[in-house]
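Any read-out appearing in this document is the output of simple, stated calculations on the displayed coordinates, not a laboratory observation. Please read these numbers as outputs of a predicted model, since none were measured by experiment. Here Cβ is always computed from backbone atoms with ideal geometry, including for glycine, and neighbour counts include all displayed protein chains.
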Amino acid sequence: MCEIIRMKDNIEFPETLTGAIKYFADADTALNFMASVRWPDGKACCPRCAKSNAAFLATRKLWKCRDCQKQFSAKAGTIFEDSALGFDKWLPAFWMIVNAKNGISSCELSRALGVTQKTAWFMLHRIRLAMQNGTMEKLSGEVEADETYIGGKARSMNNKQRSKRGRGTGGTGKEIVMGLLERGGKVKLKHVANARRSILHSEIRENVETGSQVFTDALPSYNGLSKDYAHEAIDHAREYVRGNVHTNGLENFWSLLKRGIRGTYISVEPFHLFRYLDEQAFRFNERENNDAGRFLKGIVGVIGKRLQYAKLIGEQVAGQLTTPASGAGQAA
């Protein structure tokens, strides 16, 4: 994919982070790159009237529509809209997060780019929005299904946190993430309210082709799947593998996810959890790609998406409370 995108000066597309920083440091190169992503046919389309009849204003780095007479930039209609930061910061930041196996904290990104931590945090959430993949394609073949619990350990909490969490088993007070993994293929994640049969069965039926082989652990909530799937379960109290019956692929993914959350992000609010799931799922699903390929695959996701800060934090605007966007089926 990286071979298709070439700038006018014939510079090869970068393959490393240092190469990307140098490449996008040139304002014209970065603008040409984003223009080629936004309008692959080379015709700038006005976001207001949807006409492809615009003239480029070289002195302002903007386009002016000849029909509605409105001016627009390459950021319009993307996650970058209304951002004062240039592509020389946005594109290296995008490169960093899509290729960082354990993620990048807002503090680290703020130091790397020379922006405030608040700005870096907002940038990361906008990039995670671009990494969402809402595909309707179902998983098939051999599929592993499992759930995991995200949250702090009781022994690490103070008395106030412990009382807020409540008493109960190890999963009490934690957030539940449902995962589906097609062996040799992609993973799909969902932040769910609970691990009851109705929810888990619904997720499997929605995302897995009928007749596929489904492997789970011995959780009773998975009972009854045999009607639509070739379902086999493994009892982890007795064994972890029985032939090809196991959930080790998802267990491996859970370790990657929790390494990022515990080691990099430390504390994730439940209403933002789906965004971090999107991030980790994207990197895992593009694991066969190289750094440049992951960047180019992810950058097309910036189009047609926008995340405003007020909505992100659930701020009160004009007398109405905007709740943080939820991401059904998306990473948190």
Sort the following peptides by mean Cβ neighbour count (other Cβ atoms within 10 Å, averaged over residues), highest first: 48-57, 286-295.
-> 286-295, 48-57
Run the numbers on the stretch 142-282 and let me know its relative contact order in percent, using alpha-carbon pairs under 8 Å that are six or more apart.
-> 25
So what does log10 I(q)/I(0) come out to for the stretch 142-282 at q = 0.10, 0.15 Å⁻¹, using the Debye formula with one equal point on every Cα and no solvent?
-> -0.36, -0.79
Computed FRET efficiency, Cβ-Cβ of Arg259 and Ser202, R0 35 Å: what is it to the nearest 0.05?
-> 0.75
State to the nearest 20 debye the size of the charge dipole of the stretch 228-301 about its Cα centre, where the only charges are +1 on K and R beta carbons and -1 on D and E beta carbons.
-> 300
Within 10 Å, count the other beta carbons around each residue, average over each peptide in 230-243, 175-188, and list them highest first.
-> 175-188, 230-243
Considering only lysines 8 or more places apart in sequence, or on different chains, count the pairs in the stretch 142-282 whose C-alpha atoms sit under 18 Å apart.
-> 9
Leaving out same-chain residues fewer than 8 places away, which lysines sit with a Cα under 19 Å from that of Lys64?
-> Lys43, Lys51, Lys75
